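The values are calculated or read from the model by the stated rules, or taken from the named source; none is laboratory data. Not measured: the values here are computed from a predicted model. Cβ: placed from backbone, ideal geometry, glycine included. Neighbour counts: every protein chain shown. Areas reflect the complete protein model, heavy atoms only, side chains present, ligands, DNA and RNA absent. Shrake-Rupley method; radii C 1.70, N 1.55, O 1.52, S 1.80 Å.
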Amino acid sequence: MNSEQSAKIETVLQEERVFEPSESVLNRYSIKGFEKYKQMFDFAKSDPDKFWGEAALRELHWFKPFHSVLDWSDPPFAKWFDGGKTNVSYNCLDRHVKEGRGSKIAIIWEGEPGEIRRISYEELFVEVCRTANALKKLGISKGDLVALYMPMVPEAAIAMLACARIGAPHSVVFGGFSSEALRDRLNDGQAKAVITADGGFRKDKIIALKEAVDRALANESCPSVKSVLVVRRTNQNISFYPDRDIWWHELIPSQSANCPPEEMESEDRLFVLYTSGSTGKPKGVVHTTAGYNLWAHLTFKWIFDVGEEEIYWCTADVGWITGHSYIVYGPLSNGVTTVMYEGVPRPSNPGAFWDLIQRHKINIFYTAPTAIRAFMKAGRSIPDMYDLSSLRLLGTVGEPINPEAWIWYKEVIGHDNCPIVDTWWQTETGGIMISPLPGATPTKPGSATLPLPGIEADVINSDGQSVEANQGGYLVIKRPWPGMMRTVHGNPQRFRENYWEYLSPIKGEHVYFAGDGARRDNDGYFWIMGRVDDVINVSGHRLGTMEIESALVSHKAVAEAAVVGRPDEIKGESIVAFVSLDSDKEASKGLLEELKAHVSNEIGSIARPQEIRFTNALPKTRSGKIMRRLLRSLAAGEEVKGDTSTLEDKNVLDQLRT
Ligand code: WT7
């Protein structure tokens, strides 16, 4: 481990509180008591093929059963449930309808302006079939990639399931990304069609989604895209290109409601989802049919354990993996009622979430630490105005949660009678990996606790050895699991290098490197310390420093840029950029704002630096490497500690302090 990385995992947490599942909690959950978890864990460890094989047969519908559980003969390229045929939309829809649960509500959707739609499994099934037929009519066939660039409307879930039904992998691009970012993703994935909306409601603004699609496609810059399907949402004026564009409401309703599901091979692609890494452009994480479906299904069932009459809400956007696995696929595969909400809390409506919980009598609530910290800051008087007594389980995801926020969540939102599940996972893992099982695992504020059955997690040092209790190191997963990503779209070498060979001692060992630092305590509990690579996590959104640096350098005034994360009380981290200008350019307030806007344009407003500092030169080692550790300390306003003897030009330091 180099000094850069060790500095990030030195922090020792001083948290010793333990919360055992109470008697009433214990009785509520199917996985009851720690012994039960241990049993499952030990079974999965001693006979993984039997464990996963039985689970796959029990939990999913198969057109044709698989002949092998795991083929790991060509690591790191795994094949799960080889020979089997299934369909994710069948597992999410048809089987529930066939079991007589067609009238059960699948999605409760609430729009930002307040409208509500309740869509039953039967209705969702029909809409998905019509949309699937419409996609076929647009020339989409099995294997073609369809991009979605949508607001949080039911049509987003419908489109995902319609793609799954006909075997066309989807690639959802978060609606907050810019047209430039969209264009990169469309081209990398060679998308055949884009499904979008005229616009979307975000906070108090209307965002111009269709216009961004038009810009991304302008001048034939995405030649693979043949059609654009447009949902009417905001009614704003948009340009329409009749050869390419078609309204959802003009195409879908007239389609047949009969669309037999494509029988997909287990390893056929289900979706590609782009995420930031430490190098280069965002990479397309590939997930496949059966393994992903099983993992989203099982983890959802184990952790949230949603009852027939219960209502579950995850506040993520479908543009992120959390939305994929825990708004759409996990809940629907389990036949659960899932809430989809278009809005976000904002100053003009700070109680929006609590209002939703009260009105829909939500039982299970899953959100990000950033949101919790913001609510905490606004004060408990806001949630106290609402009836939150329907809640029975609270989850968090996306970033480390500080013990203070964890306790606040438990006391103020959960009224001390809801277990808290802090769930650690990633876009790459497909679903939750380390998390308490609420009826089984004693919790500790700030710890994601223990790996789920079948997951062999460890913390290792740079020599590849497991570290002792309470020592920091790299978080790794030592055995393949069904929900694991299969490759980086179009770049298998990057998959191998970034995840399986990142630390040279584990090369050839086929150990998955997560990119996070962690430590285990004396009870074996995992405490995630944050990224050890050049990825920063702003409000649970993952951004690569390199990506933001390239965006800055693409501006004509910029010579060089270095971007680091600075600890932020609410957002977890905020973005600070150090920029040196071309010698004929002058630093100014105007240029500073221009650069911030430039980054928003290139990537999206989530990547907009909070602060930009101009400097004549960046601190570099004699071999020319930017000293990020030093920049991180400077950005955080800390004294620059440690060894600066390799710094080439010591004067640079003074300049950077202000
Ligand atoms: C990174 C993955 C998982 C879906 C949302 C984010 C961080 C995620 C936790 C947690 C500490 C967490 C990690 C991870 N992270 N959950 N419970 N505790 N850190 O997915 O965008 O792929 O980001 O988010 O750093 O590597 P993602």
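I need the full set of residues from the stretch 398-451 which are within 18 Å of THR299 (Cα to Cα), open to solvent by less than 10 Å² (accessible area, probe 1.4 Å) and away from the ligand (no atom under 13 Å from the Cβ), in order please.
If the condition is that a residue be within 18 Å of THR299 (Cα to Cα), open to solvent by less than 10 Å² (accessible area, probe 1.4 Å) and away from the ligand (no atom under 13 Å from the Cβ), then LEU437, PRO438, GLY439, ALA440, THR441 are the ones that fit.
Please find, within the stretch 506-558, the residue that is most open to solvent (accessible area, probe 1.4 Å) out of those that are within 19 Å of ALA635 (Cβ to Cβ) and of a type in the set (Asp, Glu).
That would be ASP534.
Could you check, for the stretch 193-215, whether at least one of its residues is under 29 Å from ASN491 (Cβ atoms), touching a strand residue (DSSP E or B) at 6+ places or on another chain (Cβ under 8 Å) and open to solvent by 10 Å² or more (accessible area, probe 1.4 Å)? Before you say what the answer is, go through the steps one by one.
As a first pass, look at the stretch 193-215 and keep what is under 29 Å from ASN491 (Cβ atoms): 193-196, 209, 212-215.
Those still in the list that are touching a strand residue (DSSP E or B) at 6+ places or on another chain (Cβ under 8 Å) too: 193-196, 209, 212-213.
Imposing the further condition that a residue be open to solvent by 10 Å² or more (accessible area, probe 1.4 Å) reduces the set to none.
Scanning the stretch 193-215 turns up no residue that is under 29 Å from ASN491 (Cβ atoms), touching a strand residue (DSSP E or B) at 6+ places or on another chain (Cβ under 8 Å) and open to solvent by 10 Å² or more (accessible area, probe 1.4 Å).
Can you find even one residue in the stretch 480-502 that is over 30 Å from ALA587 (Cα atoms), buried (at least 21 other Cβ atoms within 10 Å of the Cβ) and of a type in the set (Gly, Ala, Ser)?
yes
If a residue counts only when it is among the basic types (Lys, Arg) and either at pLDDT below 95 or buried (at least 17 other Cβ atoms within 10 Å of the Cβ) (or both), which strands (runs of 3 or more DSSP E) contained entirely in the stretch 1-116 have at least 1 such residues?
On the way: elements: 68-74, 77-82, 105-110.
Because the criterion is at least 1 residues that are among the basic types (Lys, Arg) and either at pLDDT below 95 or buried (at least 17 other Cβ atoms within 10 Å of the Cβ) (or both), the strands (runs of 3 or more DSSP E) in the stretch 1-116 that meet it are 77-82.
Only one of (1) closer than 30 Å to ASN461 by Cα; (2) away from the ligand (no atom under 16 Å from the Cβ) is not met by LEU591, so which one is it?
Failed condition: (1).
Just to be sure I understand, how many residues within the stretch 168-189 are of a type in the set (S, T, N, Q) and in contact with a Leu (Cβ under 8 Å, 6 or more places away or on another chain)? So that I can check it myself, show each step before the final result.
So the first thing to find is which residues in the stretch 168-189 are of a type in the set (S, T, N, Q), and the list is 171, 178-179, 187.
Narrowing further to those that are in contact with a Leu (Cβ under 8 Å, 6 or more places away or on another chain): 171.
Number satisfying all stated conditions: 1.
Within the stretch 271-296, how many residues are open to solvent by 10 Å² or more (accessible area, probe 1.4 Å) and either farther than 30 Å from ARG183 by Cβ or at pLDDT below 95 (or both)?
Here the count works out to 5.
Evaluate the stretch 153-164: report whether one residue or more is in contact with an Asp or Glu (Cβ under 6 Å, 6 or more places away or on another chain) and closer than 23 Å to ALA106 by Cα. Outline the logic, then answer.
Going through the stretch 153-164, the residues in contact with an Asp or Glu (Cβ under 6 Å, 6 or more places away or on another chain) turn out to be 158.
Those still in the list that are closer than 23 Å to ALA106 by Cα too: 158.
Checking the stretch 153-164: at least one residue is in contact with an Asp or Glu (Cβ under 6 Å, 6 or more places away or on another chain) and closer than 23 Å to ALA106 by Cα.
Which of the residues belonging to the stretch 454-511 are in contact (Cβ under 8 Å) with a residue 24 or more places away in the chain, among the charged types (D, E, K, R) and assigned to a helix (DSSP H, G or I)?
Those that are in contact (Cβ under 8 Å) with a residue 24 or more places away in the chain, among the charged types (D, E, K, R) and assigned to a helix (DSSP H, G or I): ARG494, ARG496.
Which of the residues that make up the stretch 237-259 are acidic (Asp, Glu) and touching a residue at least 12 places away in the same chain (Cβ under 8 Å)?
In the first step, residues of the stretch 237-259 are kept if they are acidic (Asp, Glu); the result is 243, 245, 250.
Passing the criteria: only ASP245.
So which residues in the stretch 327-380 are within 16 Å of the ligand (Cβ to nearest atom), surrounded by fewer than 21 Cβ atoms within 10 Å (Cβ to Cβ) and assigned to a strand (DSSP E or B)?
none
If you scan the stretch 592-642, which residues turn out to be within 15 Å of HIS555 (Cβ to Cβ), open to solvent by less than 70 Å² (accessible area, probe 1.4 Å) and of a type outside the set (Asp, Glu)?
Scanning the stretch 592-642 gives LEU592, LEU595, LYS596, ALA597, HIS598, VAL599, SER600, ILE603, ALA607, PRO609, ILE612, PHE614.
Just to be sure I understand, how many residues within the stretch 306-320 are open to solvent by 10 Å² or more (accessible area, probe 1.4 Å) and either under 21 Å from the mean Cα position of the chain (by Cα) or of a type in the set (Ser, Thr, Tyr) (or both)?
Initial filter on the stretch 306-320 (open to solvent by 10 Å² or more (accessible area, probe 1.4 Å)): 306-311, 315-317, 320.
Checking the rest, the ones that are also either under 21 Å from the mean Cα position of the chain (by Cα) or of a type in the set (Ser, Thr, Tyr) (or both) come to 315-317, 320.
Total satisfying the criteria: 4.
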